[in-house]
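Have a look at the structure below, then the notes.
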Amino acid sequence: MTVYERLSVCADDKYREFQSKLVPNIPKKTILGVKSPEMKRIAKEIKGTEETEKFLKKLPHKYYEENLVHFFLVAMIKDFDECVKAVESFLPYVDCWPVCDQSSPKVFTKNHDKLLPLIKKWIASDHVYTCRFGIRMLMNEFLGDDFKPEYLEWVAKVKGEDYYIKMMVAWYFATALAKQYDESVVYIEKHRLDPWTHKKAIQKAVESFRVCDEHKEYLKTFR
């Protein structure tokens, strides 16, 4: 069976209707209506097979769920260089936020030194979802022990009116306010973000259970 045939067996019309509302920027006809657990199961079942090798090389895919299975497969690659090659081959074809956001290669966590310059390059990309992916990787991997204040500047310098990039910038800073408050709150105090992103970052931080009440009250004064 092909990946498409495997997905078709799990397709659900009601879920397709629901999913199409979450990703309005892609044609509804490209959505089959398959839930994430089923797509992850399919990815695990075909991992390492000849079918997978052919599937990963056959781009672009026609269906939204095929793209998700593709990224789930890429995220399971254990060799860092091979994984990066697969990620960079696929990123130009990513056309919506769920495909961009649902996959996080595990091998990245063990290779921060090699990952960081790649993240910087991705963030600078003109392609919306390559940029968004770079910011998300910076958020996931570099707001802990390997954090440096300069990384905040990388994200703050991202400009443009695309909703999905602005939302990712806001998400990044809301998370930074939870994990690296002292350094990141300066960007709120000095209004370093554009007005919409500034407000959205505060909103998401105030809604977060990871931000303490004292910080939330202070952030509200900058709305």
Practice prompt. Filter the range 122-153 down to the residues that are among the hydrophobic types (A, V, I, L, M, F, W, C) and surrounded by fewer than 18 Cβ atoms within 10 Å (Cβ to Cβ), then identify the one that is nearest to GLU88 (Cα to Cα).
Written response: ALA124
Practice prompt. Filter the range 92-121 down to residues that are more than 17 Å from MET167 (Cβ to Cβ) and surrounded by 20 or more Cβ atoms within 10 Å (Cβ to Cβ) and give me whichever is modelled with the lowest pLDDT.
Written response: SER103
Practice prompt. Would you point out the residue of the range 10-40, among those that are among the small types (Gly, Ala, Ser) and surrounded by fewer than 17 Cβ atoms within 10 Å (Cβ to Cβ), that is farthest from the chain's Cα centre (by Cα)?
Written response: ALA11
Discussion item. I'm trying to understand the selection: among the residues of the range 73-99, which are in contact (Cβ under 8 Å) with a residue 40 or more places away in the chain and either in contact with a Pro (Cβ under 6 Å, 6 or more places away or on another chain) or over 20 Å from LYS44 (Cβ atoms) (or both)?
Written reply: LEU91, ASP95, CYS96, TRP97
Response to the item:
Log entry, pairs with first residue in the range 31-58 being farther than 14 Å from GLU5 by Cβ and modelled with pLDDT of 95 or more, second being hydroxyl-bearing (Ser, Thr, Tyr) and buried (at least 19 other Cβ atoms within 10 Å of the Cβ), beta carbons closer than 6 Å, six or more apart or on different chains, reads ILE31/TYR64
Discussion item. Any residue that is surrounded by 16 or more Cβ atoms within 10 Å (Cβ to Cβ) and under 25 Å from GLY144 (Cα atoms) - is there at least one of those in the range 48-59?
Written reply: no
Discussion item. So SER104 ticks every box in (1) under 17 Å from LYS120 (Cα atoms); (2) not in a loop (DSSP other than H, G, I, E, B) but one. Which box is left unticked?
Written reply: (2)
Worksheet item: From LEU7, LEU68, which residue is buried (at least 19 other Cβ atoms within 10 Å of the Cβ), more than 16 Å from CYS100 (Cα to Cα) and assigned by TED's automatic domain parsing to the domain that holds VAL99?
Response: LEU7
Discussion item. Among the numbered criteria (1) assigned to a loop (DSSP other than H, G, I, E, B); (2) under 19 Å from LEU56 (Cα atoms); (3) not hydrophobic (A, V, I, L, M, F, W, C), which one does ASN25 miss?
Written reply: (2)
Fill in: Hits in the range 197-215 (condition: surrounded by 14 or more Cβ atoms within 10 Å (Cβ to Cβ), within 25 Å of the chain's Cα centre (by Cα) and assigned to a helix (DSSP H, G or I))
THR197, HIS198, LYS199, LYS200, ALA201, ILE202, GLN203, LYS204, ALA205, VAL206
Worksheet entry | Pair list, Cβ under 7 Å, 6 or more apart: the range 205-223 residue assigned by TED's automatic domain parsing to the domain that holds LYS179, other residue surrounded by 10 or more Cβ atoms within 10 Å (Cβ to Cβ) and assigned to a loop (DSSP other than H, G, I, E, B) | ALA205/VAL211
Worksheet entry | Filter result for the condition that a residue is part of a helix (DSSP H, G or I), over 15 Å from the mean Cα position of the chain (by Cα) and over 30 Å from LYS28 (Cα atoms), over ALA86, ALA176 | ALA176
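The values are calculated or read from the model by the stated rules, or taken from the named source; none is laboratory data. The structure presented is a predicted model; accordingly, all values stated were derived computationally and were not measured. For neighbour counting, all protein chains shown are included, and Cβ atoms are generated from backbone atoms with ideal geometry for every residue, glycine included.
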